[in-house]
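Each remark here refers to the structure printed beneath this line.
The values are calculated or read from the model by the stated rules, or taken from the named source; none is laboratory data. Computed from a prediction, not measured in an experiment: that's the story for all the values here. Methodologically, a virtual Cβ is constructed for each residue, glycine included, from the backbone with ideal geometry; neighbour enumeration extends over all protein chains shown. These area figures cover heavy atoms from the full protein model, side chains too; ligands, DNA and RNA do not enter into them. Shrake-Rupley method; radii C 1.70, N 1.55, O 1.52, S 1.80 Å.
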Amino acid sequence: MRNKGLKRDGWWFVGGYLLWLGYLLNSGYEVIYGDAGTYWELAYRFFHGHAFSLLAYNDRMRGYAYPLLNVPGAVLAAVLPCAPATAAKVLGAGYAALAFTVVGPRLWQALTGMLKRPSWPQTVVFGVLGFGFWRDYFNFPLSDFPALLALAAGLLALYRLPGWRGHLLAGVGLALAVNIRPIYLASVPFFMVLVLVLPTPLKAGHWRYRGLGLVLGLGLTLLPQALINYRHFRTPTPFVLAESPKYGTRNLYLEKLIWGLHHQKYETAVEANGAVGQLLFLDPAGLALIEREHLSLHSTYRAYARALLHHPADFAGLYARRLFNGLDVQYPTPYVRKAAASTIGLALINYTIWFLVLLYVTTGACGVVRRDQWVVLAVWLAPVVAVLPMSMECRFVLPLHLLAYALLAFGWPAAWRLSLLSFNTRLRLGIAYLGFVLLCLALSSATQANLESAPRLLT
């Protein structure tokens, strides 16, 4: 039975991979920009001449795992006559196919206890939603999807392989997520709680062996980072240092907390000549807080916490705006080529999705939620909470977006049809939907009006 399931997943992956690769190769992006270019170049730090060495990697800001995953692409670009951007697309198609045809559906099946993986129409809907909003992210070697895939794979291993081997793989997945994007450290304590509350069959073995497997998976995956840090920086920590003396960054998260007071949203634009620029949407309230509390990039966590205690209502509004901005997808790409173009169509589809998700959640369609499912939700969304104080990019709240697509694609009740509703019910839903969309448009327009260079219009 398991072999049959693996074979089916294999066919799904191959089909999804070919479709994604076909799109990416014709997407029009021929250059790797910005942070994506940095990740790609970091793959070459494992080499001295033609010799590969894991401990040759020496970057303070980013962990070793994702540049290591890009090494096959870098080798492909060096061996074959293809551009780095093409090699990156070959890898990106793999991440997309894994996320939307295998890992996403299988994780939903594992968490909900379904006997079979979601049906092919449900899987197609999930993939179409991912394609509609995130398709051009896979042109570039960015860390967001690989990190989330690693976390999802770790959760899947816990549920599908309840013995010590599953816990070993779960530890590997969790450690990879943390190394690729350190913000996933926020998930670690909840992941540990999940290991304790997860119902396991008797054949899974003693909890001590399962715990040993988890620790072993974490340790083996984080050990290279500890060795790299000690060899190059004399700091034997297994975690990414997230600092850059060259650019004056002492602590990346602390710096982003301060920048988060300046900007409520951030996009990256690509000019016609290939130059990369910033679309910074200012936050007047945040700027006022900076001035009133005398905050700067050299401020400490204590200074930030003091400001938070002095102005809790202002900070609550600030975080709420960033949450909305993170959910307000305006472009299906991290590198915007036509920043002034109308985005009203994609925005309206996005608002419709969030209205349906709110309808799903508030009407109790999800049924009774088990204790372990609540903990999984905390594991999944903890990084989202941790990024709310930052200058927001939509990709920072990717876990919340994918959760929404899964709820609609896999969890939508088959009995929910408009044709079965009374006229009054449909009228109330229509009025609520119209009010929700108008509210979202107003909030989005308020953000676009604060674009630093000049106000931007949605239409």
Based on this model, can you work out whether Ala307 counts as of a type in the set (A, V, I, L, M, F, W, C), in contact with a helix residue (DSSP H, G or I) (Cβ under 7 Å, 6 or more places away or on another chain), assigned to a helix (DSSP H, G or I) and more than 18 Å from Thr447 (Cβ to Cβ)? yes
Residue, farthest from Ala365 (Cα to Cα), within region 115-124, restricted to residues that are open to solvent by less than 70 Å² (accessible area, probe 1.4 Å) and either assigned to a helix (DSSP H, G or I) or without any contact (Cβ under 8 Å) to a residue 40 or more places away in the chain (or both): Val124
Quick check on my filter: what residues within region 417-429 are surrounded by 11 or more Cβ atoms within 10 Å (Cβ to Cβ) and either more than 19 Å from Val357 (Cβ to Cβ) or not hydrophobic (A, V, I, L, M, F, W, C) (or both)? Thr425, Arg426, Leu427, Arg428
Any residue that is without any contact (Cβ under 8 Å) to a residue 40 or more places away in the chain, under 30 Å from Ala305 (Cβ atoms), out of contact with any Gly (no Cβ under 7 Å at 6 or more places or on another chain) and loosely packed, with under 15 Cβ neighbours inside 10 Å - is there at least one of those in region 432-447? yes
Starting from region 27-47, keep only residues that are under 13 Å from Ala83 (Cβ atoms), then list their pairs with residues that are assigned to a helix (DSSP H, G or I) and polar (S, T, N, Q) whose Cβ atoms are within a distance under 9 Å, requiring at least 6 positions of separation or different chains. Tyr29/Asn139; Glu30/Thr86; Ile32/Asn139
Considering only region 126-233, give the helices (runs of 4 or more DSSP H) lying wholly within it that have at least 2 residues that are open to solvent by 50 Å² or more (accessible area, probe 1.4 Å), without any contact (Cβ under 8 Å) to a residue 40 or more places away in the chain and over 29 Å from Pro389 (Cβ atoms). 207-233
Just checking, how many residues over region 105-147 are farther than 18 Å from Ala88 by Cα and of a type outside the set (S, T, N, Q)? 23
In region 291-310, how many are among the hydrophobic types (A, V, I, L, M, F, W, C) and open to solvent by less than 20 Å² (accessible area, probe 1.4 Å)? 3
Look through region 63-101, keep the residues that are assigned to a loop (DSSP other than H, G, I, E, B) and modelled with pLDDT under 95, and return whichever of them is farthest from Val172 (Cα to Cα). Pro81
Can you go through Ala414, Ala454 and tell me which one is open to solvent by 80 Å² or more (accessible area, probe 1.4 Å), in a loop (DSSP other than H, G, I, E, B) and not hydroxyl-bearing (Ser, Thr, Tyr)? Ala414
Per the filter on region 340-378, residues of a type outside the set (A, V, I, L, M), closer than 30 Å to Gly154 by Cα and open to solvent by 60 Å² or more (accessible area, probe 1.4 Å) are Thr362, Cys366, Arg370, Arg371, Trp374
Cβ-Cβ under 7 Å pairs, at least 6 apart or on other chains, region 291-303 side modelled with pLDDT under 95 and part of a loop (DSSP other than H, G, I, E, B), far side among the acidic types (Asp, Glu) and surrounded by 13 or more Cβ atoms within 10 Å (Cβ to Cβ): Leu297/Glu255
So which of Tyr29, Tyr33, Tyr44, Tyr39 ends up being open to solvent by 60 Å² or more (accessible area, probe 1.4 Å) and of a type in the set (Ser, Thr, Tyr)? Tyr44
All positions within region 18-62 that are among the aliphatic types (A, V, I, L, M) and under 29 Å from Thr333 (Cβ atoms): Leu18, Leu19, Leu21, Leu24, Leu25, Val31, Ile32, Ala36, Leu42, Ala43, Met61
Could you list, in sequence order, the residues of region 35-57 that are assigned to a loop (DSSP other than H, G, I, E, B) and under 25 Å from the mean Cα position of the chain (by Cα)? Tyr57
Do we find that Leu279 is buried (at least 17 other Cβ atoms within 10 Å of the Cβ) and assigned to a strand (DSSP E or B) in this structure? yes
